[in-house]
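A short write-up of the structure that comes next.
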Amino acid sequence: MFWAMTVFVYIGKLIFGIIGLGISVAWIVHIIIYMLIQPPASAFLNSFFIMLDRWWGLLGTGAFSVFCFYLFLAVMSGEMYLGLNILLLSIHPMRWNATLMSSFLFNVALILCCATSAIQFCAKAFAAYAQETAVQEIFGHTLENLQGIRYLYVFNLFQYIFIVMFAVTFIYFLAVERKRLKRKGKKRAPSST
């Protein structure tokens, strides 16, 4: 019976991994063709959500929430993996069965700070779908017209930082995680004596 659960866990990881890959690729393509290119080459996911809303009212909203929730899960995962790193110093890292309550609360506060930026990013990414909503009014019009920081939004600085961080993280995981997996494989390999 235990082996069946193990098989189902691996099949579930494969399925959710493929779904996650699809959502990640859709996010990157959407950011490039809708947010970075001026004027946008296509509305891409915005059009997709509007089309789903025409089929059934909550289908577009459900797909929209899946994309927003996935972005926030990626932010949380990155925060839990890296913690708050300043150069070589890690402040309040999360460790399995060894995290202090103060570190836990600090990381929760960091995630809450990231929630606002994730909402703002989704409001900008799905501006055509979320038009005439309170979120669009707050994050779309009000923030873009604040003196001093409006140029960060006008020149899409945050979207460029997002793409650069995605590329750096992708290269990091290709290089570092491959080495880590090779070391694990060498530790498990039986000696030939």
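Some notes on this structure:
- Size of electric dipole in the chain: Cβ of Lys, Arg +1 and of Asp, Glu -1, about Cα centre, debye, nearest 20: 1360 debye
- Helix-only mean residue ellipticity at 222 nm for the chain, each DSSP H run of n ≥ 4 adding -39500 (n - 2.57), per residue, nearest 500: -21500 deg cm²/dmol
- Summarising the label geometry, the points placed 7 Å from Cα in the beta-carbon direction at Ala134 and Phe104 lie 3.2 nm from one another.
- Label point distance in nm, Leu181-Ser77, each placed 7 Å from Cα along Cα→Cβ: 1.4 nm
- Loop sites in the range 1-105: trypsin sites (Lys or Arg not before Pro), DSSP, at most 15 other Cβ within 10 Å: Arg95
- Measuring nothing but how far apart in sequence close Cα pairs (under 8 Å, 6+ apart) lie, relative to its length, the chain scores a relative contact order of 17 percent.
- Identified option (computed percent of Cα pairs over 30 Å apart; candidates (1) 55; (2) 36; (3) 52): (2)
- Residue-wise HN-Hα couplings along the range 105-113, as the Karplus relation 6.51 cos²θ - 1.76 cosθ + 1.60 with θ = phi - 60° gives them from phi, are 5, 4, 5, 5, 4, 5, 5, 5, 5 Hz; Gly and Pro carry x.
- For Ala43, net neighbour charge (Lys/Arg +1, Asp/Glu -1) across residues whose Cβ lies under 15 Å away: +1
- Loop sites in the range 110-173: chymotrypsin sites (Phe, Trp or Tyr not before Pro), DSSP, at most 16 other Cβ within 10 Å: Phe155
- Selection from Phe69, Gln159, Met94 lying farthest towards where the dipole of the range 1-160 points positive, charges on Cβ: Met94
- Ordering Ala26, Phe104, Leu36 by Cα displacement along the dipole of the chain toward the positive end leaves Phe104 in first place; charges were set at the Cβ atoms of Lys, Arg (+1) and Asp, Glu (-1).
- Compared with the dominant Cα axis of the chain, that is its longest principal axis, helix 57-82 is turned about 50°.
- One decimal place: the segment Tyr151-Met51 gains 32.7 nm when fully extended, by the rule 0.36 nm per residue minus the C-alpha distance.
- Of the solvent-accessible surface of the chain, computed with a 1.4 Å probe and all protein chains present, 74% belongs to carbon and sulfur.
- Degrees between helix 45-55 axis and first principal axis of the chain (Cα, 0 to 90, nearest 10): 80 degrees
- Cα long-axis angle, helix 178-188 against the chain (0 to 90 degrees, to the nearest 10): 20 degrees
- Applied to the range 142-151, the Karplus parametrisation 6.51 cos²θ - 1.76 cosθ + 1.60 on θ = phi - 60° returns per-residue 3J(HN,Hα) values of 5, 5, 6, 10, 6, 6, x, 10, 4, 5 Hz, with x for Gly and Pro.
- Per residue, in Å², the accessible surface of the chain once ligands and nucleic acids are set aside, probe 1.4 Å: 73 Å²
The values are calculated or read from the model by the stated rules, or taken from the named source; none is laboratory data. Just so we're clear, the structure is a prediction, and the values are computed from it rather than from any experiment. A quick note on method: Cβ atoms are made from the backbone with ideal geometry, for glycine too, and the neighbour counts reach across all protein chains shown. Protein only, heavy atoms only, side chains kept; ligands, DNA and RNA dropped before computing areas. Shrake-Rupley method; radii C 1.70, N 1.55, O 1.52, S 1.80 Å.
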